[in-house]
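To start, the structure under review is shown below, and the notes come after it.
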Amino acid sequence: MAMLSALRKLSLTHWILFAMVVGVGVGAAFPAGTTWTWGGAPHALSSQDLKVFSSLFLKMIKCILVPLVFGTLVVGIAGHTDDLKAVGKLALRSILYFEIVTTIALVIGLVVVNLTQPGVGLALPASTADVPAPKEVTWAGIADHLVPTSFFKAAAENDVLQVVFFAIVFGVALAQVPRPQREPVLRFCESLTEVMFRFTGLVMKFAPVGVGAAMAVTVGHSGLSVLRNLASLVGTLYLGLAIFSLAVLLPVAWWCRIPVMEFIRTIKEPAILAFTTTSSDAAMPDAMRRMVEFGVPRRIVSFVMPMGYSFNLDGSTLYLAVASIFVAQAAGRELSMAQQLSIVLTLMLTSKGMAGIPRASQVILAGVLVTYDLPIAGVAVIMGIDELMDMGRTTINLVGNCLSTAVMARWERSFRNDAPQPPGT
């Protein structure tokens, strides 16, 4: 009973890490082609037989994509229409800043992963890597493919980019509808999003089985060298996050005359909490309080910080660029620069509004891999080390959003003594 009680206390992350270790052991002990003799006759006994479990897990992830992306984007656009009108310039400035910074994060991730090439040498199983080579990508082709001929056709084919386009236009149109007609549709999309959050949570309970099976299949096919590639992936991500912090966040703070050392001292404890818990939700309340104490008006913190967690996930977007190209390298797929830039465009759109979803980055990554005919089995392989990467990207998400509140306050001339502040700010 004591053992069962202890097992119940283990978190999903612990189970995934445990399953990863077991999967590595099974793959090493029973590589592809292993046979055993029973009753005088040879029988196949291979880790590749476990592929059915990883396949089931990946199919469950794929079925989440369309309703989740559609619901979150529509709510993110139409659900904040009143706030956007109320804050006017602040909203436009915030969104402009978010888009510039997250795009730079994607580009840095793209450059770093192409330089280090952590996926080279990691051969994903042939049954998942042998997909037709994508057609040559041109900007005209991307633009033509962007608009769906039918939403239902795009949804059935899991074409995330077309679903994103439809959801954005739908959300903008919904925001222009009078409130009595808008509210029922908005409530439906909010309910759909909430249900899909819970659906995702249920699917993730199967993650240890799917991850363990995927690791067994991959190690059984490629050998223990896969661990070296995964370690290289973690190192590549942290290198990209460090470059982003030093080359983007630090110059932005200097340019906006934010006292850097004081800012670091202010957010130190929330950042440590974000790193250790891998939870933005756990760290955000204290971070918001500290930014108000730092000198940012409460009205700016209360608007910019929550919006940032929908539109300004710097660490997560950088990770998605690294992870998607890593899977392409592992599959032996040569992507042209136009193809890689189109992936960046897709990530820039699909990564918005997904902060509250458990394992959100993996869901978004799966959608991008499906869109570009890359092996979705890479998601299950990466999930084994996702905790290590999640600590870094969650911390950068928090730091980037804290900085964005100070930048917007400076831009609005309301940071500390920049200008007289209205009562109650």
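The values are calculated or read from the model by the stated rules, or taken from the named source; none is laboratory data. Everything quoted here is computed from the prediction, not taken from an experiment. Note that we place each Cβ from the backbone using ideal geometry, even for glycine, and neighbour counts take in every protein chain shown.
Some observations on this one:
- Residues satisfying the stated conditions in the stretch 84-104, i.e. touching a Phe, Trp or Tyr at 6+ places or on another chain (Cβ under 7 Å) and either farther than 22 Å from Leu320 by Cα or at pLDDT below 70 (or both): Val87, Leu90, Arg93
- For the stretch 146-184, a tally of residues being surrounded by 12 or more Cβ atoms within 10 Å (Cβ to Cβ), at pLDDT 85 or above, among the charged types (D, E, K, R) and closer than 22 Å to Ile64 by Cβ returns 0.
- Some residue of the stretch 364-371 being free of Cβ contacts under 8 Å to residues at least 40 places away in the same chain and more than 22 Å from Gln117 (Cβ to Cβ): no
- Pairs meeting the criteria (first residue in the stretch 166-182 and farther than 25 Å from Thr149 by Cβ, second residue assigned to a helix (DSSP H, G or I) and modelled with pLDDT under 90, beta carbons under 7 Å, at least 6 apart or on different chains) are Arg182/Ala78; Arg182/Leu174.
- Residues of the stretch 288-340 classified as more than 16 Å from Val111 (Cβ to Cβ) and of a type in the set (Ser, Thr, Tyr), total: 4
- Boolean, Ala283 is under 26 Å from the mean Cα position of the chain (by Cα), buried (at least 18 other Cβ atoms within 10 Å of the Cβ) and either outside any loop (DSSP other than H, G, I, E, B) or at pLDDT 90 or above (or both): yes
- Meets criteria (touching a Gly at 6+ places or on another chain (Cβ under 9 Å), assigned to a helix (DSSP H, G or I) and at pLDDT 85 or above) for Leu246: no
- Residue in the stretch 286-309 that is surrounded by the fewest Cβ atoms within 10 Å (Cβ to Cβ), counting only those that are modelled with pLDDT under 85 and of a type in the set (Phe, Trp, Tyr): Tyr309
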